[in-house]
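Trainee: Here it is, the structure, as C-alpha cells.
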Amino acid sequence: MFLINCPYCGERDQSEFSCGGEAHIIRPKQPTELSDDQWAEYLFMRKNIKGVQFERWNHAHGCRKWFNMVRDTSNDKIHAVYKMGEKPPVE
Amino acid sequence: MTKYRVNKTKYIDQTKTVSFNFDGKSYHGFEGDTLASALLSNGVHLVGRSFKYHRPRGIMSCGSEEPNAICQIHEDTDLTEPNVRATEIELYEGLKASSQNCWPSVNFDIGGINNFISQFIPAGFYYKTFMWPKSFWKKIYEPLIRMSAGLGKSPTKPDPELYDHKHVHCDVLIIGGGISGIIASKIAAKNNLKTILIEDKNILGGSTIYQKNENYKINNNYSSEWLDQEIAELKKLDNLTIKTRTSLAAYHSYNYLLAKENISDHLPLDKRNVGIRQRLWKIRADKVIVAAGAIERPLVFNNNDRPGIMLSNSVKKYLDFYGVSCGFNNVIFTNNDSAYETAVSLKEKGISVEMIDIRKKSNSKIVKNAEQLGVKINWNSTVVNTFGLRKINSVEIMNLSEDGSNVVGDKNKINCDCLAISGGWTPMVHMHTQSGGKLDFREIDQTFIPNEIDKNHINIGSCNGDFEIEEIINNTNKKVKNFLKVSETEFDNISVLNSKELDKRNIWLLPNFISEGKCKSFIDFQNDSTANDIKLALREGFKSIEHVKRYTTTGMATDQGKLSNMHALGIIADTAGVKIGTLGTTTFRPPFTPLTFGSIVGRSVGNFFDITRKTSIHEWHIQNRAKFENVGQWKRPWYYPINDEGLHNAVQRESKAARDSAGILDASTLGKIDIQGTDASEFLNRVYTNAWSKLGIGKCRYGLMLNEDGMVYDDGVTTRLGENHYLMTTTTGGAANVLSKLEDYLQTEWPELDVYLTSVTDHYSTASICGPNSKKILKKIFPDKDFSDDAFPHMSYQNDKIDEINCRIMRISFTGELSYEINIESKYGKSLWEKCIEAGKEFKITPYGTETMHLLRAEKGFIIVGQDTDGTMTPIDLQMDWIVSKKKYDFIGKRSLYRSDTIREDRKQLVGLLTDDPNEILEEGAQIVSDMSKKPIEMIGHVTSSYFSPNLNKSIALAVVKSGKKMYGQKLIVPMENKNINVTVSDSVFSR
C-alpha cells in the first residue's frame, strides 16, 4: 500500500487513488489519417516493464485530478510525481 | 498436579485449575497454560492425524510454526473454528477442542490405510492418477477427493462475533517483544518517539524470559531476571503502546502493516459477550524495527514424525515456562549447541536425558556444563529409525561416516518417551521479504539473513541472524542507535556472559542404512511431503524451487512451511549439486499466520457490506409494497405486486397500463452530469457519436458514447439548458465511470477546452409519467402550461414551478409512448411523486418498476447498455448506424469503427427473435445455434433480453447473432436442457 504524494493535496494513502496505466501516450490529433496499425499502436500497445515506469494516476477519492508518477515496478519506489502537462523528469 | 507437571513457574498459576475437553475427554490444566501445554501436562501427545497418510501426529512446537497440533475448537455450528494451533490457544474454562483429519477417532483412524499404501501415492499422485478416464472425474474422482480433502469443518451459521478495524500512525513500530524488541522499544520510547510494540504472545520476553542458566548472564544476573527488570521499566514509559496477543499479519510497502489483536479469544465463552473479538490494526509507521525472532529447525531422518518427537527448544519452554516435562526419559538429537540448554534444564530438574549429536565434538561452555551434569553424549551419530505406534518408545542410532554421507558401524537402540530434535535456527525473514527486502545466504550456519537496503526498516535479534545473547544485545543497540539517530543508550556498556558455539555441522537429509525409497523422512509435516517426494520431483524434471514446491505441496499447508522450507531447499541443492544461495527462496506471502475472515472484513458485514443508495421516493415504494432490484448501489423498484401477484403477472399488468392509460416510474437513479463552459457543445461533439452543435436551447437529444476501441460504453439523453449549459443523463450503473472518463479526457487530452463537470445525480429526483393519458395528468399538475405538440414538442424541455418550487419538465421517452419526466430538487421528490399519483388517480396511473420499463423499451427495440451490449458491440453491430455522424471529423472511438475487425460482416449483431410458439419465453443468456447436426455444435449467438409482451400478445426477445443482419426470416434453434426451441430472426423493433 503506497503513500502517494498528490501534487495538489500532499501525501495520501493509496486507497484514495486509482492507476490509469502508462503515461505520455498522446491521443492522435488526426485519428482518421492513421492506418490500422498506427491506430492499434495507440489503442492497444502498452509497456508493462519491470523497472522504472511512467504512469498516470488519479486522486479519485480526493481532488479527482489526474497526474503522472514515475514508479519502479520492481520495488514500488516512487521516484517522482508531477502534474499533467509537465515534462517528465530526465533521469 | 499431574505427574508431568514437574516444575513450578511464575507463569502458571497452580492455584487456578482450568477444566477443558479434548476429543470428548475431560482434562485439567492451569491458568497460564496453552491447550498444548495442558495436554502435555496430562501426557497427551497424540493430537491429530496427518493429512495424506493419516499417520499419528503429536504436538511438535510451542508457537505459530506448529504443523501437527491443529484443532477444531467449539462445538456450536456458528462458533466452531478449524485449523487452530493448540500451541497458540490460551486455555480457558470450558474450552472444547477436537483433533482433525481422523475418523472415527484419533486413536483408530480408517484413513490410516493410506500409510500402508504410501508407496503407491507419491508426489503428484493426484495429478497423475485422476487424469483418466475423463468421464470418471465428475461422478467418482471429485466426490472422493472432496471427501478426503480439507482440514476441519467450517461453521455453517453466520459468525455472531464482532470484529473491528483500527487505523494508527506511529514513529516507530517494533514487531516482536523478545529481548531485542524490548531493547529497541526502550530506546525509541525514551527518545521521544511515538512507539508501538506488538507481540503475539500474552506476555513479553520471548525465549529469554525463562532462561535461567549460569552460562547466560547479563550484568551478573540470569538473563531472565535482567529482562524482567527491563520489562517492568518499559511498561512505565509514556510514548510506548504495548500490544500483546497481537500478531503481525502483513508488511506491505511504504511501511503499511496489518496486525491482528486477539481481544477475547482467551476468555471463557460466557465472559466474551463484552464487545469485539478481534481487531485488525492498520498501521502506517515512519520506521519499522523487525524483531520477529527465529524458529528452530527439525532434523530430517527416517520416521521423524511420531508423537513425542518435538523441537528441542519447545521441550525447554514447556519445562521452564509451563513447568511441564514432555517425557521422563528424554533423548535429544541435535546438530548445534542450543539443544544443550534443554539438556541442562532437564538434568537440573532430575529428568533423564541423553544426547545424540551429529557433530564430532563441541567444546563450548554449555556442552561442558551438560557433560559435568552427567549427560551422556553420542558424538558423530544420527538417528536411523524411531519406534512406537501412538507415541515414540525408542530410537535406533548409528555412527556417521567421515563426510557424513553415510552411516557406519552397528545399530544401537535407546529407549525414550520423548525425542527432542534441533537442526539449528531459521531467522524469521518473512516480514523483511514481505516488505520487498532481499535475502543473503550465510554459508556458515546455512541461513538466509536480511539484506538491508531499505532505509525505513531494520531487522534485529535472531531474525537478523544474531543467535547469541551477546551479539543480540550489542548489535541491537548499535543498529537501533544508528537507525533512530540516537547517540548513547543505557545498553552501551553492558556485561554479557554467554556460551559461544564454535563447532557446526549440517546435514539436510540424514543418511540411513535403509534404502531411500523405504524411508519416511518428513519435511513438511502438515502436508505429509517427504525427502523422497522432493527427489522424485527432481527426477521428473522439476527444477525451479517454485515448481517443486507446488508439485510436492511442500510448504503449502496452513503453516506455510515455517518448519519445512529450508530443508526442502537444502535437499534440492544437495541432490542437484548446487549451492542453496543460488536456488533462491520461495516467496513469503502474507498473512504470516492465518487470519480470520471476520478480522479482514471488520464491520463491513450485512447492511454495512456496501453502500445502499435510495431515492427520495423510496419510502413510498416500500409503503406500496414494491419488490426491489439492485442496480449498482441503488435500490430500484423492480415491480409492485398487488395481493399475491408474482413478477410475471405484475409486469403484464403494469405494461398494459402504461400503454393503455398511464404509468409512472421513479427515474431518479439515472446518472446526471451538469456540463457548463464555453466549449460545452464542442466537448459533447467529441464524446458522443452524433452531432451536438446545432441542438437548440431547450431541446433534448439521445446520445451514444463509445470507448476509444469503438465499443458502446453508455447512452442517455442530454438536454441543452442554456447557451453554455447542458444536463447529461447516463445509465444508472454507468454514472460514476462516465464522469471519470469525461474528467480524464478533459484533464489529459483536451485541457484547452473550457468545460466544467459536476455530478448532480443525487441532487434531483425524477418522476417519469408515460402513456396516452400522461399529457392530461401533466395538465392537471401544471394547469397554466400549454402541452400542445407545437408548444411543447417531443425532445424538448421547459422550466416550471410546483408550489413555488422550480422544476424541469422534459418530454422524452424510453418506452416509445408519450412521456414526460419531471425533475425536482431531491428533497421535494416524494411530494412531487405523490402529486403525480394524486393527479393520475382518475386515469388509474400505475407505478411500474424496472422490469416493466425493460419490457416496454424492448417492444420498441431500444437497447439497454450492459444488457444488450457487453463491451464488444459497436453501434453498427447494434444496427444504430443512424446515430453515428459521418460528418464529424473525430469523436471518441470513431477511428475504431473501421478497423479490419470492426468492419467484419460476421460480427455478432443485434436482432429480434420470435419463438414459433408465441407463448414460449426464451431464457436470457441462452445460446443460439443454426445447425444441430455438425459436431461440435457451433454457437452463433445468445439471447440478451426476453419478455412476454402483453401489448403484442407474444413472446419477444433481443439477441446478438453472428451475421444476424442478413438472417431476417431465417429459422434458428435455442437448445435448452430438455428441449430445442425453434425461433425466427426478426427486426429488433417489434412495435412501431
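The values are calculated or read from the model by the stated rules, or taken from the named source; none is laboratory data. Everything quoted here is computed from the prediction, not taken from an experiment. Every residue, glycine as well, gets a Cβ built from its backbone with ideal geometry; the counts of neighbours run over all protein chains shown. For the accessible areas, the whole protein counts, side chains as well, though only heavy atoms, and no ligand, DNA or RNA atoms are used. Shrake-Rupley method; radii C 1.70, N 1.55, O 1.52, S 1.80 Å.
Trainee: Can you tell me which residue within the stretch A:1-17, out of those that are in a strand (DSSP E or B) and surrounded by 14 or more Cβ atoms within 10 Å (Cβ to Cβ), is nearest to the other protein chains (Cβ to nearest Cβ)? Give the derivation first.
Mentor: Within the stretch A:1-17, the subset in a strand (DSSP E or B) is A:3-6, A:10-13.
Going one step further and asking which of them are surrounded by 14 or more Cβ atoms within 10 Å (Cβ to Cβ), we end up with A:3-6, A:12-13.
Working: A:3: 4, A:4: 9, A:5: 11, A:6: 14, A:12: 11, A:13: 8 Å.
Here the residue is A:3.
Trainee: While we're on this one: What's the number of the condition residue B:641 fails, among (1) of a type outside the set (D, E, K, R); (2) touching an Asp or Glu at 6+ places or on another chain (Cβ under 7 Å); (3) over 24 Å from residue B:718 (Cα atoms)?
Mentor: (2)
Trainee: Kindly indicate which of B:649, B:724 is surrounded by fewer than 20 Cβ atoms within 10 Å (Cβ to Cβ), modelled with pLDDT of 95 or more and touching a helix residue (DSSP H, G or I) at 6+ places or on another chain (Cβ under 6 Å).
Mentor: B:724
Trainee: Considering the stretch A:7-50 alone, what residues qualify as being under 28 Å from residue B:256 (Cβ atoms) and without any contact (Cβ under 8 Å) to a residue 40 or more places away in the chain? Lay out the reasoning, then the answer.
Mentor: Looking only at the stretch A:7-50, we keep the residues that are under 28 Å from residue B:256 (Cβ atoms), and these are A:7-23, A:46-50.
Result: A:10, A:11, A:13, A:14, A:19, A:21, A:22, A:46, A:47, A:48, A:49, A:50.
Trainee: Okay, next question. Cβ-Cβ below 8 Å, separation at least six or inter-chain, first residue in the stretch B:757-782 and free of Cβ contacts under 8 Å to residues at least 12 places away in the same chain and in the same structural domain as residue B:738 (by TED's automatic domain parsing), second surrounded by 15 or more Cβ atoms within 10 Å (Cβ to Cβ) and hydrophobic (A, V, I, L, M, F, W, C): which pairs?
Mentor: Final answer for the pair search is B:779/B:787.
Trainee: Just name the residue that is nearest to residue B:602 (Cα to Cα) out of those in the stretch B:233-289 that are of a type in the set (A, V, I, L, M, F, W, C), over 20 Å from the mean Cα position of the chain (by Cα) and within 14 Å of chain A (Cβ to nearest Cβ). Explain how you work it out, then say what you get.
Mentor: Here is the first cut: in the stretch B:233-289, the residues of a type in the set (A, V, I, L, M, F, W, C) are B:234, B:237, B:240, B:242, B:248-250, B:257-259, B:263, B:267, B:269, B:274, B:276, B:280-281, B:283, B:285, B:288-289.
Next, from what is left, pick out any that are over 20 Å from the mean Cα position of the chain (by Cα): B:234, B:237, B:240, B:242, B:263, B:267, B:269, B:274, B:276, B:285, B:288-289.
The next check asks that each one be within 14 Å of chain A (Cβ to nearest Cβ); those that pass are B:285, B:288.
Numbers: B:285: 21, B:288: 25 Å.
Result: B:285.
Trainee: Mind counting the residues in the stretch B:895-909 that are surrounded by fewer than 20 Cβ atoms within 10 Å (Cβ to Cβ), facing chain A (nearest Cβ under 10 Å) and among the basic types (Lys, Arg)?
Mentor: Selection size over the stretch B:895-909: 1.
Trainee: Now a separate question. Which residues, counting only those in the stretch A:20-43, are exposed (fewer than 14 other Cβ atoms within 10 Å of the Cβ), outside any loop (DSSP other than H, G, I, E, B) and more than 8 Å from chain B (Cβ to nearest Cβ)?
Mentor: Listed by number, the residues that qualify are A:21, A:33, A:37, A:38, A:41.
Trainee: From the list B:865, B:884, B:929, exactly one residue is touching a residue at least 12 places away in the same chain (Cβ under 8 Å), within 14 Å of chain A (Cβ to nearest Cβ) and either among the acidic types (Asp, Glu) or surrounded by 16 or more Cβ atoms within 10 Å (Cβ to Cβ) (or both). Which is it? So that I can check it myself, show each step before the final result.
Mentor: Details: B:865 fails: within 14 Å of chain A (Cβ to nearest Cβ); B:929 fails: within 14 Å of chain A (Cβ to nearest Cβ).
None of the other options fit; the residue is B:884.
Trainee: What pairs come up if the first residue lies in the stretch B:83-101 and is within 15 Å of residue B:25 (Cβ to Cβ) and open to solvent by 10 Å² or more (accessible area, probe 1.4 Å), the second is at pLDDT below 95 and assigned to a loop (DSSP other than H, G, I, E, B), and their beta carbons are under 8 Å apart, counting only those six or more places apart or on different chains?
Mentor: B:94/B:268; B:96/B:74; B:96/B:75; B:98/B:23; B:98/B:24; B:99/B:23; B:99/B:106
Trainee: Considering only the stretch B:880-899, state which residues are at pLDDT below 95 and either at positive phi or among the small types (Gly, Ala, Ser) (or both).
Mentor: B:885
Trainee: Let me ask something else. Read through the list (1) within 11 Å of another protein chain (Cβ to nearest Cβ); (2) out of contact with any helix residue (DSSP H, G or I) (no Cβ under 6 Å at 6 or more places or on another chain); (3) not in a loop (DSSP other than H, G, I, E, B), then give the number of the only condition that residue A:85 fails.
Mentor: Among (1) within 11 Å of another protein chain (Cβ to nearest Cβ); (2) out of contact with any helix residue (DSSP H, G or I) (no Cβ under 6 Å at 6 or more places or on another chain); (3) not in a loop (DSSP other than H, G, I, E, B), the lone unmet condition for residue A:85 is (3).
Trainee: With the checklist (1) part of a helix (DSSP H, G or I); (2) touching a Gly at 6+ places or on another chain (Cβ under 7 Å) in hand, flag the one item residue B:441 doesn't pass.
Mentor: (1)
Trainee: Hey, another quick one. Scan (1) in contact (Cβ under 8 Å) with a residue 24 or more places away in the chain; (2) surrounded by 11 or more Cβ atoms within 10 Å (Cβ to Cβ); (3) more than 10 Å from every other protein chain (Cβ to nearest Cβ) for the single condition residue A:56 breaks and write down its number.
Mentor: Single failed check for residue A:56: (3).
Trainee: Hey, residue A:78 hits all of (1) open to solvent by 70 Å² or more (accessible area, probe 1.4 Å); (2) of a type in the set (Val, Ile, Thr); (3) within 11 Å of chain B (Cβ to nearest Cβ) but one; which does it fall short on?
Mentor: Of (1) open to solvent by 70 Å² or more (accessible area, probe 1.4 Å); (2) of a type in the set (Val, Ile, Thr); (3) within 11 Å of chain B (Cβ to nearest Cβ), only one is false for residue A:78: (1).
Trainee: Say we look at the stretch B:363-411 and pick out the residues that are open to solvent by less than 70 Å² (accessible area, probe 1.4 Å) and charged (D, E, K, R); which of these is farthest from residue B:423 (Cα to Cα)?
Mentor: In the first step, residues of the stretch B:363-411 are kept if they are open to solvent by less than 70 Å² (accessible area, probe 1.4 Å); the result is B:364, B:366-367, B:369-370, B:373-375, B:377-388, B:391-392, B:394-398, B:400-401, B:404, B:407-409.
Restricting the remaining residues to those that are charged (D, E, K, R) gives B:391, B:396.
Details: B:391: 21, B:396: 18 Å.
That would be B:391.
Trainee: Which numbered condition in (1) among the charged types (D, E, K, R); (2) free of Cβ contacts under 8 Å to residues at least 40 places away in the same chain; (3) more than 14 Å from every other protein chain (Cβ to nearest Cβ) is the only one that residue B:743 fails?
Mentor: Every listed condition holds for residue B:743 apart from (3).
Trainee: Let me ask another. So, in the stretch B:394-423, exactly how many residues are of a type in the set (A, V, I, L, M, F, W, C) and without any contact (Cβ under 8 Å) to a residue 12 or more places away in the chain?
Mentor: Step one: list which residues in the stretch B:394-423 are of a type in the set (A, V, I, L, M, F, W, C), which gives B:395, B:397-398, B:400, B:407-408, B:414, B:416, B:418-421.
Pick out the ones that are also without any contact (Cβ under 8 Å) to a residue 12 or more places away in the chain and you get B:408.
So the count comes out to 1.
Trainee: Let me ask another. Among (1) over 30 Å from residue B:259 (Cα atoms); (2) of a type outside the set (A, V, I, L, M); (3) surrounded by 23 or more Cβ atoms within 10 Å (Cβ to Cβ); (4) under 27 Å from the mean Cα position of the chain (by Cα), there is one condition residue B:544 misses while meeting the rest; what is its number?
Mentor: Looking at each condition in turn, residue B:544 falls short on (3).
Trainee: Which strands (runs of 3 or more DSSP E) does the stretch B:294-392 wholly contain that include 1 or more residues that are closer than 26 Å to residue B:28 by Cα?
Mentor: Values: elements: B:294-296, B:309-311, B:329-334, B:352-357, B:376-378, B:381-387.
Ranges flagged: B:309-311, B:329-334, B:352-357.
Trainee: Then there's this: Could you say which residue among B:589, B:603 is open to solvent by 60 Å² or more (accessible area, probe 1.4 Å), at pLDDT below 90 and in a loop (DSSP other than H, G, I, E, B)?
Mentor: Values: B:603 fails: at pLDDT below 90.
Result: B:589 is the single residue among B:589, B:603 that is open to solvent by 60 Å² or more (accessible area, probe 1.4 Å), at pLDDT below 90 and in a loop (DSSP other than H, G, I, E, B).
Trainee: Could you list, in sequence order, the residues of the stretch B:811-862 that are in a strand (DSSP E or B) and either surrounded by fewer than 24 Cβ atoms within 10 Å (Cβ to Cβ) or touching a helix residue (DSSP H, G or I) at 6+ places or on another chain (Cβ under 8 Å) (or both)? First the steps, then the outcome.
Mentor: Applying the first criterion (in a strand (DSSP E or B)) to the stretch B:811-862 yields B:811, B:819-825, B:846-847.
The answer is B:811, B:819, B:820, B:822, B:824, B:825, B:846, B:847.
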